[in-house]
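As structure tokens, the structure follows; a few thoughts come after it.
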Amino acid sequence: MKTEDYLVVPGSAISLADFKTDDTAGHKKSEALARLEELRADLNTLQQLLYADGRYGLLVILQGMDTSGKDGVCRHVVNAFNPQGVQITSFKVPTSEELAHDFLWRIHKAIPRRGMVGIFNRSQYEDVLVVRVENLVPEKVWRKRYGLINDFEGCLCDNGITVVKFFLHISNDEQKTRLQDRLDDPTEYWKFNLADLKTRAKWDAYTAAYEDALNKCSTKRAPWYIIPADKKWFRDLLISQILKEKLTALNLEWPPLAEEAVGITIE
Ligand code: AMP
Ligand code: MG
């Protein structure tokens, strides 16, 4: 599996219709689950190393239509890591205090410190997605935000935070099945939200807004990946593989023994 195949090449103009939602890169489920276990162990070691090394942080951004699996990925990624080194932030409709600040204020406060992994369940991108589709601010305000987001993410990279962004790509039919499950399965009733149907009715407008966000904000330093997400096991496999590559690329090192401890033997 080549993870570059899922990258939105910076400067390109992708159309989501050209990306399959049920791709499995030729993997079978049973073999993928076994591979996932190995990746989980690798990620666990890499995270410990990230923490010990302390020079870098990792920010994972999850976006996608309702039911695309953002919560599932949070669970999955956190399971691979030591919970002490991970912090998840879910961004909801902004509070009055958040709205009284610039749109990046609440985001910046949630950025992981070096050594930590931060997972964003929704993110600054809501401010060019729902905000754009629902006309929550004038166009001239949201149009400027693509550039502001790129500058902000560049600043994070300059300060040792690796940013990786996953768009969980599901089909309209898969969303229909998943929403229907929330009406049919008593253990899923609690997930049903009538507002999701209004959002579903605007599928095309959201798709267009996502395409702009992916095309304008996939940068070399903070790239977007389009993750085929109809099959949950493939979604988790691909994300785990990309995270392993990102952490490996940091060339993390176990810190040397403190100078004051050199030569000490415990009696
Ligand atoms: P959920 O992720 O299902 O808990 O839903 C969170 C809701 O908050 C979604 O409907 C998002 O679109 C909405 N939301 C998140 N960020 C913003 C934002 N900046 N402006 C407006 N709505 C937002
Ligand atoms: Mg929801």
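Results, tabulated for the structure shown:
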| read-out | value |
| --- | --- |
| Residues (without any contact (Cβ under 8 Å) to a residue 60 or more places away in the chain, within 10 Å of ligand 1 (Cβ to nearest atom) and acidic (Asp, Glu)) located in the stretch 65-108 | Asp71, Glu98 |
| Options Leu179, Leu183; residue that is exposed (fewer than 15 other Cβ atoms within 10 Å of the Cβ) and within 16 Å of ligand 2 (Cβ to nearest atom) | Leu183 |
| Single match in Ile107, Ile111, Ile88 (criterion: buried (at least 21 other Cβ atoms within 10 Å of the Cβ), at negative phi and not small (Gly, Ala, Ser)) | Ile107 |
| Residue in the stretch 60-76 that is at pLDDT 95 or above, more than 16 Å from ligand 2 (Cβ to nearest atom) and either of a type in the set (A, V, I, L, M, F, W, C) or more than 26 Å from Lys232 (Cα to Cα) (or both) present | yes |
| So Asp173, is it under 29 Å from Asn135 (Cα atoms) and over 22 Å from the mean Cα position of the chain (by Cα) | yes |
| Options Lys216, Lys191, Lys220; residue that is open to solvent by 40 Å² or more (accessible area, probe 1.4 Å), in contact with a helix residue (DSSP H, G or I) (Cβ under 6 Å, 6 or more places away or on another chain) and in contact (Cβ under 8 Å) with a residue 12 or more places away in the chain | Lys216 |
| Matching entry among Ala32, Ala52 (being modelled with pLDDT of 95 or more, open to solvent by less than 20 Å² (accessible area, probe 1.4 Å) and part of a helix (DSSP H, G or I)) | Ala32 |
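The values are calculated or read from the model by the stated rules, or taken from the named source; none is laboratory data. In this text the structure is predicted, and so the values were computed from the model without any measurement. Every residue, glycine among them, receives a Cβ derived from its backbone with ideal geometry; neighbour counts consider all protein chains shown. Side chains are part of the model used for accessible areas, which takes the heavy atoms of the whole protein and leaves out ligands, DNA and RNA. Shrake-Rupley method; radii C 1.70, N 1.55, O 1.52, S 1.80 Å.
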